[in-house]
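Here's the structure, in structure tokens; my notes come after.
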Amino acid sequence: KNQVEQSPQSLIILEGKNCTLQCNYTVSPFSNLRWYKQDTGRGPVSLTIMTFSENTKSNGRYTATLDADTKQSSLHITASQLSDSASYICVVYGGGFKTIFGAGTRLFVKA
Amino acid sequence: ETGVTQSPTHLIKTRGQQVTLRCSSQSGHNTVSWYQQALGQGPQFIFQYYREEENGRGNFPPRFSGLQFPNYSSELNVNALELDDSALYLCASSLGRTNTEAFFGQGTRLTVV
């Protein structure tokens, strides 16, 4: 069964701290994996896109990793800001129109 | 801003009614996908339209239907609304049918009472 599981479900950190979000998937075949940031009541916005051959990709304070062998990805956020408070969704694209979304990790950054 | 616009932004309907949600895709994009996102959940794929034809469908009943127009804008229609249809409905546009980057609209918040 094609699934994307994210952990933790929610996370509270202090402003300025780092955090890492996890994504495990069983989608096959695999085309690419994307991390999205979704503010409450808004549409998701793409942060990173990773293909099978890529291990690490950065976008400012966001760094995503991918281990295609173990089918795991992580999103590391450095020096968190209040504006980082949002849901972070891992999405795996398989063959054809197959698009499997994780349930997301809800991040709260406190001052 | 992604260039994908959805209307209306919020909507309240009564159980049993019908609703039409609209999406204008990003310029140059010929594919539109619709998703339903319940509170606290990830988006669930409803269907995708490519060049005015349905290209794929998720696990949703036939009362969820759609259209794509020659300008690649799209509509999502839901008949016989149920309370569980209350959700954020997201539209995403992309170029091509498969695995190209999708850009999401801000969503339509539908509440069924």
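The values are calculated or read from the model by the stated rules, or taken from the named source; none is laboratory data. For clarity, every value in this text was computed on a predicted model and none was experimentally measured. Cβ sites come from the backbone with ideal geometry, for glycine too, and all protein chains shown count toward neighbours.
Here are a few things to note about the model shown:
- Scanning the stretch A:41-58 for residues that are within 19 Å of A:G104 (Cα to Cα) and assigned to a strand (DSSP E or B) returns A:V45, A:S46, A:L47, A:T48, A:I49, A:M50.
- Subset of the stretch B:24-39 that is surrounded by fewer than 18 Cβ atoms within 10 Å (Cβ to Cβ) and within 19 Å of B:P70 (Cβ to Cβ) - its residue that is modelled with the highest pLDDT: B:N30
- Restricting the stretch A:9-27 to residues that are outside any strand (DSSP E or B) and more than 14 Å from every other protein chain (Cβ to nearest Cβ), the residue that is modelled with the lowest pLDDT: A:T26
- Matching residues, the stretch B:40-51, being more than 10 Å from chain A (Cβ to nearest Cβ) and either touching a helix residue (DSSP H, G or I) at 6+ places or on another chain (Cβ under 7 Å) or at pLDDT below 90 (or both): B:R51
- Test: residue in the stretch A:31-47 that is more than 13 Å from chain B (Cβ to nearest Cβ), over 22 Å from A:G94 (Cα atoms) and either out of contact with any Cys (no Cβ under 6 Å at 6 or more places or on another chain) or exposed (fewer than 14 other Cβ atoms within 10 Å of the Cβ) (or both): no
- Test: residue in the stretch A:50-73 that is within 11 Å of chain B (Cβ to nearest Cβ) and within 26 Å of B:G107 (Cα to Cα): no
- Flag for B:T108 being of a type in the set (S, T, N, Q), under 30 Å from A:S7 (Cβ atoms) and at pLDDT below 90: no
- The residues listed here are A:E15, A:E5; of these, the one that is in contact with a Cys (Cβ under 9 Å, 6 or more places away or on another chain) and among the acidic types (D, E) is A:E5.
- Among the conditions (1) free of Cβ contacts under 8 Å to residues at least 40 places away in the same chain; (2) over 14 Å from the mean Cα position of the chain (by Cα); (3) part of a strand (DSSP E or B), B:I12 misses just one, which is (1).
- Candidate set from the stretch B:8-23 (those that are within 13 Å of chain A (Cβ to nearest Cβ) and not hydrophobic (A, V, I, L, M, F, W, C)); member that is surrounded by the fewest Cβ atoms within 10 Å (Cβ to Cβ): B:H10
- When every residue of the stretch B:47-69 is checked against the conditions, none turns out to be farther than 19 Å from B:S7 by Cα, in a helix (DSSP H, G or I) and of a type outside the set (A, V, I, L, M, F, W, C).
- Among (1) among the hydroxyl-bearing types (S, T, Y); (2) surrounded by fewer than 14 Cβ atoms within 10 Å (Cβ to Cβ); (3) more than 10 Å from every other protein chain (Cβ to nearest Cβ), the one test that B:S74 misses: (2)
- In the stretch A:57-111, the residues that are more than 21 Å from B:Q37 (Cβ to Cβ) and of a type in the set (K, R): A:K57, A:R61, A:K71, A:K110
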